[in-house]
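Single-structure report; data block below.
The values are calculated or read from the model by the stated rules, or taken from the named source; none is laboratory data. What you are looking at is a predicted structure, and each value in this text was computed from that prediction instead of being measured. Quick reminder, even Gly has a Cβ in these numbers, built from the backbone with ideal geometry, and neighbours come from all protein chains shown. What goes into the accessible areas is simple: the full protein's heavy atoms, side chains included, and nothing from ligands, DNA or RNA. Shrake-Rupley method; radii C 1.70, N 1.55, O 1.52, S 1.80 Å.
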Amino acid sequence: MSIASDPTTRGIRTARRGWVAAALVPLLAVAAGCGAAAPQTKAAGGTAESGKLVVWDWHSGDANTKDYYAKAKSDFEAKHPGVQVEFVAQPYDQYYTLLGTAIQAGKGPDISMFNGGAQMRDRVSALLPLTGKTDDLTSRLTGWDAFRKDGTTYAVPITLQGFPFYYNKAVYTKAGLDPAAPPKTLAELQTDCAAIKKSGNACFNLGNKEGIGIEFFLSGFAPGVFSPAQYDAWLAGKRDWKSPEVKQIFDLWKKSNDEGWYNKGVNSTAMFMDQFTMFSGGKGGNVIGLISDTAHWKDLNEFLGPDLGVYQAPVLNPKNVTTTFLPAEGGIGYGVMKWTKSPDLAVDLVKSLASTDAEKVFFEKAGAIAADKSIDTSSVDVQSAKEIVSWLPDSKPLLHTALSAKTLDLMHRLSQQLISGDVTVDAALTQLAASDK
C-alpha cells in the first residue's frame, strides 16, 4: 500500500519520508524476478541442500524492514545453508497486476506477499493450500481468518491490519478544542471539524487518487454505525447495500467532502504517501491510518511525537451502537505458489518469515503490529501504540476485505464519482449491490 534503491529490488518506503511512487517495472525485469526455485539437491555422500527460492513482496527494499528480512533469511539459512533466497520488492501500485501476469503464465516467484482478504482469496487457485503444513504456527500467530477461504489456509499472517483514527493534538489546540478529548459522537465530530476548518487546517487529510480512501472510510466508520448483528452478517456475506446503515456511511462520504472536511483535490491526491505526509506535517486534524506496515503509529510518531493521539470510531448511529471497537484482522502474509519446484523448502521459508525473532524485529524497527501473540509490546513508550494494542482483543475484521476484488474495484471508481458529483449515493449502492451478488 516504493522507491528503488536497487533496480532489481524496488522498495516501498524511504527511511523517513514515507512511500513515493515507484517507476513501472520493465517487463524484462519482472521476468528476471520470476522463476521458481531450482530443485533441491544433495551433495554426494552428504545432506547439503542447494537451490534458490524467489520471494515477491513490496517491503524488502525498505530501509525500515531490512533487519526483519535479514533475520528471517538467517533463520532459514541456518536450517538450509545451501539454499539461496532472493527477495524481489515490487511497487505496490503495480504489485497485483504483475502477480496476475505471473499467474497467467503459470510461473513466477515461489512465495508471494498478500494483503489479507479479497486480494488473496481471489487468487487461491494459484496458491498451495497450507492447512496441515503450518499447524505448528496456529497457536502462536493470530489473524488467520484473513488468509483462509472456505476453511482452507493459503497464507501465513505476518502482521495485523487495523484502521484507527489518528489525530494531531496541536491542531486541536489551535482550533480551541480539548486535545485530550477526540470526538466520540457524530455531533462532536461535526463540531470539531467546523472548528479545525475555521482555524485553517483540514479536518481530515484524505487522498483518493487510487480510489482506496473509501476502504478506509467504510471499515473505519462502520463500528460506529452497524449493529453487532449487521456487522457480523456483512462479514458472513449477507450484505444489504440498501440498508439505512450502509447509506449513512456513503452519504457521509459525500457530505463530508461537500462540507469541506478535507484538503483540496482529494481525487488527485495520492493516499500513499501524500495523505499521510500532510497529516505528519500538521496540515490536518485527523486521519484514518493503519497499524500494519506503514502510515501507522511509529511513522506518525516520528514527526508528531507527543502531539500524536489515537481514538476509535465515533458513535454515528446511537440506535445501533453504544461503544465502538478497532476494526482489525490479519494484515499482510506470505503464501506459497503452486508452481514452486520446492514446496517443502518454500513452506519452511514462510515459517522463517513468521518466526518470533523476525516478527519482533518487524515490530520494533518498522512499527508493524505483529501477528505473533508471544511478542512483548510493553516496552514501547509511544502512548498511541499502547492504546492500539489494548484494543486488539475486542477487534473485529475489516468490512471492505470481505468484498471481492471486483466489487472493491467498482467501489473505488464510485467513490471518486461520488466526490466529483457524477453519481448519486443511491445509484452507487445499486451498482455495488449488483456487483456483490
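Before moving on, here are some points about what is shown:
- Carbon + sulfur, % of accessible area of the chain - ligands and nucleic acids excluded, 1.4 Å: 53
- Label-point separation in nm, A63 to T101, each point 7 Å along Cα→Cβ: 2.9
- Once the Cα-Cα distance is subtracted from the 0.36 nm per residue extended length, the E259 to K373 segment shows a gain of 36.8 nm.
- The chymotrypsin sites (Phe, Trp or Tyr not before Pro) of region 157-214 include none that DSSP puts in a loop with a beta carbon having at most 16 other beta carbons within 10 Å.
- Gained length - A233 relative to T185, 0.36 nm times residue gap less alpha-carbon distance: 14.9 nm
- Positive dipole terminus of the chain, leading residue within I214, L304, P397 (C-beta point charges): I214
- Using heavy atoms of the protein chains and a probe of 1.4 Å, the accessible area assigned to K360 is about 80 Å².
- Cleavage-rule hits (trypsin sites (Lys or Arg not before Pro)) in region 188-253: DSSP loop, at most 16 neighbouring Cβ within 10 angstrom: K238, K242
- Per-residue extension of 0.36 nm, minus the Cα-Cα distance of K242 and K283, leaves a gain of 11.2 nm for this segment.
- Annotation for A194 and A70: the two label points, set 7 Å from Cα along the Cα-Cβ direction, are 5.4 nm apart.
- Taking the helices alone, the chain has a mean residue ellipticity at 222 nm of -10500 deg cm²/dmol, built from -39,500 (n - 2.57) per DSSP H run of at least 4 residues and averaged over all its residues.
- Virtual paramagnetic centre 7 Å along Cα→Cβ of D394, amide N under 19 Å, in region 217-245: 219-232
- Prolate/oblate/rounded call for the chain, Cα gyration tensor, a/c under 1.5 rounded: prolate
- Förster radius 35 Å - calculated FRET efficiency between R413 and S50 (Cβ-Cβ, nearest 0.05): 0.15
- Per residue solvent-accessible surface (Å²) - region 70-171, probe of 1.4 Å: 37
- Estimated FRET transfer efficiency (T173, T322; beta-carbon r; R0 41 Å; 0.05): 0.90
- Across region 236-248, computed HN-Hα scalar couplings (Karplus, 6.51 cos²θ - 1.76 cosθ + 1.60, θ = phi - 60°) run 7, x, 9, 10, 10, 5, 9, 5, x, 5, 5, 4, 4 Hz from first to last residue, x flagging Gly and Pro.
- Reducing region 265-306 and region 385-408 to their Cα centroids gives an inter-centroid distance of 18 Å.
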